[in-house]
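Below: the structure, in structure tokens.
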Amino acid sequence: MSTSVTQSTSTSTGDAPASAALFDRARAVIPGGVSSPVRAFNAVGGTPRFMVCGSGPWLTDADGTRYVDLVGSWGPMLLGHAHPEVQAAVKEAVARGTSYGTPTVPEVELAEEIVARTPVERVRFTSSGTEATMSAIRLARGATGRDVVVKFAGCYHGHVDSLLASAGSGLITFAVPGTPGVPASSTELTLVLPYNDRAAVEAVFAEHGDRIACVITEAAPGNMGVVPPEPGFNAFLSETCARHGALLVSDEVMTGFRASREGQWGLDGKHEGWVPDLMTFGKVMGGGFPAAAFGGRTDLMEQLTPTGAVYQAGTLSGNPVATTAGLATLRLATDAVYDHLTAVGTTLQDAASAALAEAGVAHVVQATGTMFSVFLCEGPVRDFTDASRTDTVAYAAFFTEMLDRGVYLPPSAYEAWFCSAAHDEEAVQVVLDALPHAARAAADAQAAARTDGGATA
Ligand SMILES: Cc1ncc(COP(=O)(O)O)c(C=O)c1O
């Protein structure tokens, strides 16, 4: 069945009957009705919107309702939806065939672009960020001959078995699986530490230093909301790893080509004079297609097959259509684009903060480069324990009010808000108009929770 889209669009939603009907159909054939869990709106309630088209800063759902998009496909859509030059490049690429299973020109050009923007010397493409981090860890283990991986609580690196781990009882306790289906044997070599905690890093190296293959960290966490590394923290990780013969894997799947032109590294390592041993990329570099990568120093990367012994492969890795989209996106991601993202981001951060303050809702807005998020709790938020204090009930009310007023925010309190080069005055104004109402809805939800709490206490 095809989905019809009403021609006249509006930014006032109310019900979403077409999305509701599609959700029913979806749930009959897809677990939870979604291909990735957070899309299901479980954290915020209501009907997930089935989007049928995107244009610039706008998404239109199956009911014909238009939204200003602040999710950006969870990061990739740096230039906005359906950018004409990206589309033209993709159409041309598709006309030449969609996959050959051979080396291709666009993958070389995209690798050259990534090498030009970041400190990596060699790049290997994958189809998802999950594969990129999984492969980087395999390479780190292969190169060091060690097994233990250190990660930070609240950092997400994709659904790699060994990284789906929560902390055990103590700081230096090997991790337990965070989900059924991951055997304990997959996480028993993973250590989980609190983010931004130098003492914990020092302690773990003191106890297990000669067994640690790598520390993997989000270059600036965005998956517990944006929690910037404290000044010098990434440099400290790099130096500590080097001192102990371990590798630093900097996961820039989210921050890469987004936080700045050169990702988070462009905000810290470039100025501080250090480079990660391995880096992972995804999202923006795929231009809205399934493409990701990992890269690093030549001596490490050449240990991959076929030059080295560490096996890594992928049928669609470096796919010519995906790498064409990524290349077009990166070539169009000029300094002017990042200046615009900074300006729009600052406007939205200031407005969100002002609206929440006016409504009396405790909050903190945190940013790294052009990436930011809003926590509904007192700041600062410097690790996952702090992030867990955000008021998820108030966020659900805030989210729903924004949605009803034509703004599509991430349907979870623990996510970054992404704007694009296409967010113009009209789109920004829709957000600015909606924010005071959403802030009041959050305040009302908090008042109701206090009343309920009082009634049952
Ligand atoms: C920092 C980070 N690493 C890895 C991943 C996994 O990427 P993918 O969803 O493409 O597998 C994500 C996804 O959100 C991410 O944010």
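Relative to the Cα centre, the charge distribution of segment 356-406, modelled as +1 at Lys and Arg Cβ and -1 at Asp and Glu Cβ, gives a dipole magnitude of about 100 debye. Cβ-to-Cβ counts within 10 Å put R49, R211 in ascending order as R211, R49, the fewest first. Under the combined filter of DSSP loop state and at most 13 neighbouring Cβ atoms within 10 Å, segment 372-427 retains these GluC sites (Glu not before Pro): E378. Each label was represented as a point 7 Å from its Cα along the Cα-to-Cβ direction; for T346 and A448 these points are 3.7 nm apart. What the Cβ-Cβ distance of E202 and K270 gives, at R0 = 30 Å and to the nearest 0.05, is a FRET efficiency of 0.75.
In this Cβ point-charge picture (+1 for Lys and Arg, -1 for Asp and Glu), the chain has a dipole of about 880 debye about its Cα centre. Over the residues of the chain, the helix contribution to mean residue ellipticity at 222 nm works out to -12000 deg cm²/dmol, using -39500 (n - 2.57) for each DSSP H run of at least 4. Basic side chains Lys and Arg get +1 at the Cβ, acidic Asp and Glu get -1 at the Cβ, and with that the dipole of segment 84-332 about its Cα centre reaches some 380 debye. Set Lys and Arg Cβ to +1 and Asp and Glu Cβ to -1, take the dipole of the chain about its Cα centre, and tell me which of T334, P229, T217 lies farthest positive. The listed residue farthest towards the positive side: T217. Annotation: the residues V253, V105, V148, sorted from fewest to most other C-beta atoms within 10 Å of their own C-beta, follow the order V105, V148, V253. Put in order of Cβ neighbour count within 10 Å, fewest first, the listed residues L316, L327 become L316, L327.
When a/c reaches 1.5 or more, the comparison of a/b and b/c decides; with that in mind, is segment 48-117 rounded, prolate or oblate per its Cα gyration tensor? Prolate, because a/c is 1.5 or more and a/b exceeds b/c.
For the peptides 393-400, 215-222, the ranking by packing is 215-222, 393-400, with the highest mean count of neighbouring Cβ atoms within 10 Å listed first. Here the chain was treated as a single set of alpha-carbon atoms; its pair distances binned every 10 Å from 0 give 4, 20, 30, 27, 14, 3, 0 percent.
Spread over its residues, the convex hull of the C-alpha atoms of segment 142-267 is 105 Å³ per residue. Bridge orientation summary for segment 84-332: considering DSSP beta bridges with both residues in this region, about 40 percent are antiparallel.
Choose one of H244, L300, A203: the residue whose Cα lies farthest towards the positive end of the charge dipole of segment 151-300 (beta-carbon charges +1 Lys, Arg; -1 Asp, Glu; about the Cα centre). Farthest along the dipole direction, towards plus: L300. Given axes a ≥ b ≥ c from the Cα gyration tensor, I'd like to know whether segment 200-354 is rounded (a/c under 1.5), prolate (a/b larger than b/c) or oblate. Oblate, because a/c is 1.5 or more while a/b does not exceed b/c. Among rounded, prolate and oblate, which fits segment 331-457 when a ≥ b ≥ c are the square roots of the eigenvalues of its C-alpha gyration tensor, a/c under 1.5 means rounded, and a/b larger than b/c means prolate? Judged from the Cα gyration tensor, segment 331-457 comes out prolate (a/c at least 1.5, a/b above b/c). Mean projected area of the convex hull spanned by the Cα atoms of segment 84-332, taken over all viewing directions: 13.1 nm².
Computed from the coordinates by the stated procedures, all read-outs in this text should not be read as laboratory data. No experiment lies behind these values; they were computed from the predicted model shown. A quick note on method: Cβ atoms are made from the backbone with ideal geometry, for glycine too, and the neighbour counts reach across all protein chains shown.
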